[in-house]
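Structure first, commentary second.
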Amino acid sequence: MTVFRQFADWLGRLLEPQPPARSLPQPAPDAGAAPVVPYQAPPAPAKPVRSRRAILHEVFDTGMPVANRAGLAGRANELERLLEAVLDHRKHGIIYGARGSGKTSLSRIFGDMADERGCLVLYNLASGDISFADLFRPYLHDIAAEPQSKVRRSEVEALLNEPFDARRLASLLADRVERRTILMLDEFDRVRSLETKAELAALMKLLSDMRSEVSIVTIGIAANLEDLIEGHPSLRRHLIAVPVGGLTPTDLDALLRRCLSRVELDITDDAAATIVSAAVGSPYHLRLFGLYAALQADIAGKSVIDGDIASRGLQVAFGEWRDVSRRNADLLLSQIDRPRAVALPAAIICLNAAMRSRIDRMEIIAELDEPNAAEQVDAMLATLSPILVESSTSGQYVFEDSLAPQFFLLLFTRRIAAGGTERGHGVGHDLRALLQDKGATQ
Ligand SMILES: Nc1ncnc2c1ncn2[C@@H]1O[C@H](COP(=O)(O)OP(=O)(O)OP(=O)(O)O)[C@@H](O)[C@H]1O
Ligand SMILES: [Mg+2]
């Protein structure tokens, strides 16, 4: 502890208001009676002191969706589109994007705004083999519990105890729900049952046809859009699809500085640019890399994050990711030293995975823009197949580990070194130009 800190603590204690001293009651005149001891409340338990590290983890928390509007960076356009389509035009919605892209955060803030406009907003989480009826029962409970609801308990009771299909549910919701109601269904991508997906699509269509007050907003991945419209192409007219892609460098920079100011850390412009470009659009990665830089500053006892500290933070973040995600890391590392023609398609695949919500084979081929681009891209997709998940739409993929693309790009552009020694095949410049085009670097 520094002398300054000791002095500040000591002074703090001196200036703290002390509780007024209690004087013991005078003994009662009757000397024989037991003295009355006044009740003294036990001392309030000391507030647990949170360590500086705990505060850093809390501020940069990558595990919690954004809880209030002030904390949401960017997304004004997405919010506006959702509000207009769902609230004004009574459409259903699908919010989709890569893991950690900020889907739940966006949907929460949208829900809050819809609530402020008088809607009843109800949330539920989907899971693997859930049936259609099980997915919707919790909403029915909540709708029936709503004070002004016209839905009678007995009507819900019937559905709680027996299976029901989309038609029966749609009739109940369309006939009995008079308040504008939005059912938000998060983690829709976890639903495996084709029957549940088909019933959900049918429910959306029926609710629209019956001009119901109920809209459904699902939150998932790109392939879920195809899942929904596959059996009901006309659903397109009743649905708004909002992709959650990368944030702009300006929004990421503002987010980084906002988090840092909460922990009283400053950052140089070049260090901020390093972290922002490393995140390649992802608020999740921005928070993660910001956290590692802040921890490094803490270890070094610095109040300003400079380029060195930022790079060290990235290196430590990479090391920790490699330890928990060996299979992904080893496969990507094995591509770094390969010839340019092999490594560049991998970088473009990673760039797409990071910036957009999916990898699209045709887009990658167009971006590579070389005579034998299709062969190169197909060869790399085959190489990476153990760590890619193919979508139900052919030619589209996502990484099973959403951290992988950003780390590959960091290695590729030599922002970090694999295994301590700097490697890389010298084509970082090509990618930097590409990144520049896409606004991912400053
Ligand atoms: N627009 C944003 N502004 C600031 N932070 C954000 C934003 N979007 C997401 N985050 C942060 O990124 C992390 C991931 O966000 P969130 O949980 O919303 O993503 P998700 O797409 O729902 O993830 P998953 O696919 O795992 O469900 C969280 O720490 C969240 O606070
Ligand atoms: Mg989520």
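Throughout, read-outs are computed from the coordinates displayed, never taken from laboratory work. In this text, all values refer to a predicted model and were calculated from it rather than measured experimentally. Here Cβ is always computed from backbone atoms with ideal geometry, including for glycine, and neighbour counts include all displayed protein chains.
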- Item | Within the range 250-282: backbone nitrogen closer than 14 Å to the GLU58 label point (7 Å, Cα to C-beta) | 262-264
- Around GLY63: net Lys/Arg minus Asp/Glu count, Cβ-Cβ under 13 Å: 0
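Can you give the net charge of the other residues whose Cβ lies under 11 Å from the Cβ of PRO243, counting K and R as +1 and D and E as -1?
Details: positive: ARG81, LYS103, ARG356, ARG358; negative: GLU78.
Around PRO243, the surrounding residues sum to +3.
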- Note on the structure: With a ≥ b ≥ c from the Cα gyration tensor eigenvalues, square-rooted, and the rule rounded for a/c under 1.5, otherwise prolate when a/b > b/c and oblate otherwise, the range 86-209 is oblate
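So for each of 56-63, 327-334 I average, over its residues, the number of other beta carbons within 10 Å; can you give me the resulting order with the highest mean first?
Numbers: 56-63: 15.5, 327-334: 17.0.
Peptide ranking by packing, descending: 327-334, 56-63.
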- Would you give the gap between the C-alpha center of the range 358-379 and the C-alpha center of the range 262-288, rounded to a whole Å? 30
- Message: Starting from 0.36 nm per residue, how many nanometres of slack lie between ALA341 and ASN77 once their C-alpha separation is accounted for?
- Response: 91.3 nm
- So for the pair LYS150, VAL316, with labels modelled 7 Å out along Cα→Cβ, what separation do we get in nm? 6.1
- Query: Spin-label point model (7 Å from Cα, Cβ direction): what's the SER334 to ASP115 distance in nm?
  - Reply: 4.9
- Note on the structure: Here the net charge surrounding LEU185, from other residues whose Cβ is less than 12 Å away from its Cβ (Lys, Arg +1; Asp, Glu -1), is 0
- Item | Theoretical gain in end-to-end length, GLU84 to VAL324 [0.36 nm per residue, Cα-Cα removed] | 82.2 nm
- Could you give the nm distance between label points at GLU178 and ARG257, where each point is 7 Å from its Cα heading toward the beta carbon? 5.1
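Could you work out how much longer the chain between SER303 and ALA67 gets when fully extended? Use 0.36 nm per residue separation minus the Cα distance between them, nm to one decimal. Mind dumping the intermediate values first?
On the way: separation 236, 0.36 × 236 = 84.96 nm, distance 2.76 nm.
In short, 82.2 nm is gained.
Hey, fewest Cβ within 10 Å first, where do VAL214, VAL244, VAL316 land in order? Could the numbers behind the result be given before it?
Details: VAL214 26, VAL244 22, VAL316 16.
The most exposed by this proxy come first: VAL316, VAL244, VAL214.
Determine, for each peptide in 64-71, 283-290, 192-199, 407-414, the mean count of other beta carbons within 10 angstrom over its residues, then list the peptides with the highest first.
Values: 64-71: 12.9, 283-290: 25.0, 192-199: 16.2, 407-414: 23.5.
Averaged packing, sorted descending, gives the order 283-290, 407-414, 192-199, 64-71.
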